[in-house]
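Below: one structure, written as structure tokens.
Every read-out reported here was derived from the displayed coordinates using simple, explicitly stated rules and does not represent laboratory data. Note that this is a predicted model, so its numbers are computed, not measured. Neighbour counts run over all protein chains shown; Cβ positions are idealised from the backbone, glycine included.
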Amino acid sequence: MSVSHHIVHSQIGRLFILSAPSGAGKTTITNQLRNFGVVRVSVSHTTRLPREGEKNGCQYFFVNRDEFLCMRDSGDFLEWAEVFGNLYGTARSWVETQLAGGTDVLLEIDVQGALQVKKHMPEAELIFVRPPSLNVLEKRLRARGQDKEKSITLRLAAARDELLQASQYDYVIINDDLERAVAEITAVIAGK
């Protein structure tokens, strides 16, 4: 009598990281990917105040600085960064649970955080969304009406630095047409 053994291989999810300078369209792209069900989007923790229409647990988990620092010091974050005076972090346990369950996960984080995650999880695939030009980026920042002049100046300076880091990414997508940019990122996630 022979007994056959079947080995069950569970599919591990893939980790994608989407970064872009402020105003380049990463949040809009991420929302479209979320709405299309292309990938599960991680919700980061932040100390910044919610913008109009944002709800706790949807776009971010909004926490105060002391709560954030306690989580950071406990090793709860896969990555964290301070950006324009606010703290942002990605919960390690949530990401690891999703990946272990076979779910593809997208982190929408800045360049600094992306490179932190890549060190810990080299299998992560990095996607950088760049604006067609810095002039277009400046127009977008001004058009959205969320930032004061000083903030726009800081964001443009940061964008110049972030654009220099794009070469460290696996994919660079130019967002000169939103629909095309979303399609290109969807193809990357689908493995095409």
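For the range 134-184, the convex hull spanned by the alpha carbon atoms encloses 85 Å³ per residue. Qualifying trypsin sites (Lys or Arg not before Pro) in the range 46-122, where qualification requires a DSSP coil assignment and no more than 16 other C-beta atoms within 10 Å, comprise 48, 51, 55.
Just rank 71, 121, fewest to most, by other beta-carbon atoms within 10 angstrom.
Working: 71 19, 121 15.
In order of increasing Cβ crowding within 10 Å: 121, 71.
In the chain, which helices (entire DSSP H runs) extend 20 Å or more along their own long axis, judged by Cα positions, while averaging at least -1.0 on the Kyte-Doolittle scale? Let's see the in-between values first.
On the way: long enough: 149-165 (25 Å, -0.19).
Membrane-span-like by this rule: 149-165.
Protection proxy ranking for 95-101, 75-81, using the average of other Cβ atoms within 10 Å per residue and placing the highest first: 75-81, 95-101.
Hey, which of these cross-link pairs are over 21 Å Cα-Cα: 118/148; 26/118; 26/139?
Details: 118/148 33 Å; 26/118 19 Å; 26/139 16 Å.
In this structure, 118/148 lie more than 21 Å apart at Cα.
Each Lys or Arg adds one and each Asp or Glu takes one away; over the other residues whose Cβ falls under 11 Å from the Cβ of residue 172, this sums to -1.
Projecting the Cα atoms of 89, 99, 11 onto the dipole axis of the chain, where Lys and Arg carry +1 and Asp and Glu carry -1 at the beta carbon, places 89 farthest toward the positive end. About its Cα centre, the dipole of the chain is roughly 360 debye, where the only charges are +1 on Lys and Arg Cβ and -1 on Asp and Glu Cβ. Contact order for the range 15-190, expressed relative to its length and based on alpha carbon pairs under 8 Å spaced 6+ residues apart, stands at 33 percent. What separates the Cα centres of the range 35-95 and the range 125-192 is a distance of 20 Å.
With 10 Å bins beginning at zero, the pair-distance distribution over Cα atoms of the chain amounts to 8, 34, 37, 14, 3, 2, 1, 0 %.
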